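These notes concern the structure reproduced below.
The values are calculated or read from the model by the stated rules, or taken from the named source; none is laboratory data. Keep in mind it's a predicted model, so treat the numbers as computed, not measured. Cβ: placed from backbone, ideal geometry, glycine included. Neighbour counts: every protein chain shown. SASA here: full protein model, heavy atoms, side chains in, ligands and nucleic acids out. Shrake-Rupley method; radii C 1.70, N 1.55, O 1.52, S 1.80 Å.
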Amino acid sequence: MSAFIIRRLLQMIPTLFGVMLLVFILFSLVGGDPSLVLAGKHLTPEVLANIRAQLGLDKSLPEQFLVFVRQVLTLDFGTSWSTQQPVADIIGSRVGPSLTLSGAMLLVDLLIAIPLAALVAYYRGGLTDHIVTIICTVAMSISALIYIIAGQYFLAFKLGWFPVRGWGDSVWTNLFLYVPLPLLMGLMVSLGPDIRFYRSFFVEELGQDYVRTARAKGLSERQIMLKHVLRNALIPVVTSIMMSLPYLLLGALVLESFFGIPGMGNEVIQAVNKSDFPVIKAITIYIAIATMVFNLLGDLVYKWIDPRVQLK
């Protein structure tokens with residue numbers, strides 16, 4: 001196990017270097033000159049030269065890349081080009097709201113989707129399966145914007161059950177006052193595909209030989225579902241969950257924008273609009289590192305779920 005972890009950590013080094021090189025090429029060669037955007041209406045050769053010098057864009061590309069590598073290794077991406085605030089402070093203040101919303105949405109989604117997927121898979125082909133499948137298909141066919149606009153208008157504005165938008169300083173105030181409506185709208189979008197996705201895993205496991213053998217041995221359906229089917233079906237489910245965890249840091253861009261949540265999603269939109277490359281680069285690298293870490297954790301969870309899994 002230790003050798004596996006060390007080997008995977010060493011494999012992250014060239015992967016991270018490749019990500020850094022790709023990000024640098026995209027932003028430096030394809031992304032254009034941000035000094036033109038920052039100069040605005042006062043674009044003169046002198047102003048443009050000063051801005052390029054302040055941003056370090058007057059250096060050669062190899063020098064700029066070395067500066068970027070040093071920033072990644074120290075996790076210090078300097079200051080924002082648009083607000084002049086440290087990038088670390090900006091991201092630190094935005095991660096909390098994003099995790100509050102996205103984390104709650106993921107947890108509730110799993111608590112609903114996995115049991116319901118197991119239920120409809122067990123009764124596959126029956127009335128329950130058909131009804132849930134139809135509801136999921138209809139829910140998946142409606143745009144997220146329709147849910148958000150309808151929810152804000154009817155549930156918040158007309159009925160007054162929730163605030164239309166906003167965010168507070170208290171975690172508990174946000175969880176019980178500002179999160180429920182965007183959480184509900186997010187679940188309307190995510191539950192349909194997740195239930196159908198997880199259902200396919202349970203249906204596949206229910207058709208395996210070990211299920212028929214367990215029934216022949218006289219095990220109850222409850223024991224079969226909980227001790228055998230659920231455990232084996234959780235392996236691909238864990239893959240899906242682990243792949244989505246890094247993006248909790250990124251937040252829900254549309255939900256945060258419409259509901260005025262000061263999270264990473266809002267920050268990404270503002271950074272893109274203002275060509276604030278240090279913020280965008282930092283977020284991209286953080287997501288890449290989180291993806292590699294959670295992939296490693298996913299393999300370790302596989303081993304915990306099924307000790308027969310061989311880690312390579």
Of residues in region 1-16 being of a type outside the set (V, I, T) and free of Cβ contacts under 8 Å to residues at least 12 places away in the same chain, the one least open to solvent (accessible area, probe 1.4 Å): A3
Among (1) open to solvent by 30 Å² or more (accessible area, probe 1.4 Å); (2) in contact (Cβ under 8 Å) with a residue 60 or more places away in the chain - the single one S98 does not satisfy: (1)
Conditions (1) open to solvent by 20 Å² or more (accessible area, probe 1.4 Å); (2) out of contact with any Asp or Glu (no Cβ under 9 Å at 6 or more places or on another chain); (3) not aromatic (F, W, Y): number failed by L110: (2)
Verdict on A233 being open to solvent by less than 30 Å² (accessible area, probe 1.4 Å), within 29 Å of R94 (Cβ to Cβ) and touching a residue at least 24 places away in the same chain (Cβ under 8 Å): no
Among the residues listed as S244, S240, the single one being closer than 25 Å to V171 by Cα, open to solvent by less than 50 Å² (accessible area, probe 1.4 Å) and either assigned to a helix (DSSP H, G or I) or in contact with a Cys (Cβ under 9 Å, 6 or more places away or on another chain) (or both): S244
Any hit, region 200-209, residues being within 30 Å of G151 (Cβ to Cβ), aliphatic (A, V, I, L, M) and not in a loop (DSSP other than H, G, I, E, B): no
Qualifying residue in region 276-284 (condition: over 17 Å from the mean Cα position of the chain (by Cα) and of a type in the set (S, T, N, Q)): no
Selection from region 161-175 of residues that are outside any loop (DSSP other than H, G, I, E, B), farther than 13 Å from L101 by Cβ and either open to solvent by 90 Å² or more (accessible area, probe 1.4 Å) or in contact with a helix residue (DSSP H, G or I) (Cβ under 9 Å, 6 or more places away or on another chain) (or both): W172
Candidates T74, T79, T83 - the one that is in contact with a Lys or Arg (Cβ under 9 Å, 6 or more places away or on another chain), open to solvent by 60 Å² or more (accessible area, probe 1.4 Å) and not charged (D, E, K, R): T83
